[in-house]
Amino acid sequence: KGSITAHGGHGYGGAIALTEEDDTLDQWSIGNDFSIIDSDFISNVAQGGRGSDSHNLNPEGVNQELGGNGGNAFGGAVYSPAWSISPSITRCTIQHNKALAGVAGSPHSAENRAYSLGGAIYSFRVSLQDSELEFNLASVSNHSDASSPSPSSVASQTIVSGGAVYSLIDFESTNCTM
């Protein structure tokens, strides 16, 4: 009689996702630099997936479970989650990129949450020089497959941070427009 409710998948780096390939590498070592020079990152999207709807109805036709959380979105253009990879971005144009968290499945409540971090860049450490970061967005997706939003949908939580850059440890910027 039970049902399975699934959370939406996560979206990482609309253009570039820098990750450690070898799990045996020391995650705390620093010094693996990655350079991006004279490049344009325009209109890329890291999109979190939509949570599934609940279809577990009681005899009165009321859902007994909540729908799944929307998926998280990290770095509309660049995603670098490893402590040991330090992107250096020089003379780049980074515009109109989006990190969009997915919509929660129906029905949903205030406990359903998704994260949208870094509209353009999500990184533990990042260095920007002589670059333009404009019109980037971290937000929740505006699409929904539900025929009508539930009243509790307004209360669902999306944690949004860093419209342009979300950096966990070090952020360095020289001669940049944001």
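Nothing in this text is a laboratory measurement; each read-out follows from the coordinates by a stated rule. Quantities reported herein were computed from a predicted structural model and do not represent experimental measurements. Reconstructed Cβ throughout: ideal geometry from the backbone, glycine too, with neighbour counts over all protein chains shown.
Skipping prolines and chain starts, which residues have an amide H placed within reach, meaning under 5 Å, of the one on TYR115, given they are 5 or more residues away or on another chain?
ASN72, ALA73, ILE159
Around ILE36, with a cut-off of 15 angstrom between Cβ atoms, what is the net charge of the other residues, counting Lys and Arg +1 and Asp and Glu -1? Kindly include the intermediate steps, with their values, before the conclusion.
Numbers: positive: ARG91, ARG125; negative: ASP33, ASP38, ASP40, ASP130, GLU132, GLU172.
Once all neighbours under 15 Å are counted, the net charge is -4.
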